[in-house]
Amino acid sequence: MKLVLLGPPGAGKGTQADLLATGLSVPKISTGDLFRAHVSTGTPLGLLAKSHLDAGTLVPDEVTVGMVAARLAEPDTQSGFILDGFPRTLTQARLLDETLAHDGRRLDAVLEFHVDTAEVTQRMSGRRTCRACAAVWHLVHRPPTRGRCGTCGGELYQRADDEPATIAHRLQVYATQTAPLADHYRTCGLLAQIDAAGTVEQVSQRALAALMPAL
Ligand code: AP5
Ligand code: ZN
């Protein structure tokens, strides 16, 4: 299964991508996670990406596509993958299609998660991420264990871009630069829209039901 997850910041793409990756036995490829790993280890790519992540703006297409293309060349992606947070512009979408076509591959489906602004803001405000393993928690909906990561016991932090002014900017960037991708994938016959309100389990069931025809 070669899958793209679309949806505004905080919609739950990463959470659902983890569940789908386990259920479908394919790797999750999160551009946000990849950029954050580069930032935390101080690579040249991380130094370039950091100002964009902090400001809630998009990292330039050529940088992002190069990073994803390198990941998609790795053997574990040949049987499938779940792209979380990529593509985010029409240029990225076109270059993704070209990269896959070069290897005789194509996407099987695109899931677009819908949640209202109040809910995504609340989800991002309560999010805490593990510094050691990048697992994602929520103070109310997925509480950490005694203030630490429930998976590895690592220290948790609040993402700098989950501060209110940056959340508002990221939502605006999504509306102007990424939301138009839904039309592109609808035209390709790949788009399924998912109601992403409700519990993690409810959303997961809707996502799996939408994927049934492609499985
Ligand atoms: P990225 O990390 O991709 O951020 P995002 O798209 O803004 O998405 P989020 O990670 O904020 O949210 P999510 O939808 O994954 O939600 P999650 O599952 O965590 O990108 C960060 C930055 O990197 C960008 O701003 C940009 O600078 C750069 N970047 C990344 N990709 C790029 C690209 N392609 N091109 C250029 N630049 C790029 O859930 C959120 C919270 O809610 C969690 O606490 C979770 O536990 C909780 N939760 C999840 N589901 C539910 C539920 N159903 N009910 C209640 N709580 C829930
Ligand atoms: Zn952890």
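A few notes on this one:
- Within the stretch 119-173, the residues that satisfy the criterion of being within 9 Å of ligand 1 (Cβ to nearest atom), part of a strand (DSSP E or B) and among the charged types (D, E, K, R) are 127, 128, 142.
- Within the stretch 110-135, the residues that satisfy the criterion of being within 16 Å of ligand 2 (Cβ to nearest atom) and charged (D, E, K, R) are 127, 128, 131.
- Residue 82 fulfils the conditions (1) assigned to a helix (DSSP H, G or I); (2) closer than 20 Å to residue 7 by Cα except for a single criterion, (1).
To keep it simple, each residue is scored yes or no on (1) on the phi < 0 side of the Ramachandran plot; (2) of a type in the set (Val, Ile, Thr); (3) in contact with a strand residue (DSSP E or B) (Cβ under 9 Å, 6 or more places away or on another chain).
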residue	(1), (2), (3)
52	yes, no, no
57	yes, yes, no
73	yes, no, no
84	yes, no, yes
88	yes, no, yes
100	yes, no, yes
104	no, no, no
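- In the stretch 41-58, the residues that are assigned to a loop (DSSP other than H, G, I, E, B) form Cβ pairs under 6 Å with partners that are at pLDDT 95 or above and surrounded by fewer than 17 Cβ atoms within 10 Å (Cβ to Cβ), at six or more places apart or across chains, as follows: 56/169.
- Filter result (of a type in the set (Gly, Ala, Ser) and either over 19 Å from residue 80 (Cα atoms) or in contact (Cβ under 8 Å) with a residue 60 or more places away in the chain (or both)) within the stretch 190-215: 192, 196, 197, 198, 204, 207, 210, 214
- Test: residue in the stretch 18-28 that is closer than 15 Å to residue 136 by Cβ and in contact with a helix residue (DSSP H, G or I) (Cβ under 6 Å, 6 or more places away or on another chain): yes
- Per-region count, the stretch 93-113, residues under 21 Å from residue 194 (Cβ atoms) and either in a helix (DSSP H, G or I) or at pLDDT below 95 (or both): 2
The values are calculated or read from the model by the stated rules, or taken from the named source; none is laboratory data. For clarity, every value in this text was computed on a predicted model and none was experimentally measured. Note: ideal-geometry Cβ built from the backbone for every residue, glycine included; neighbour counts use all protein chains shown.
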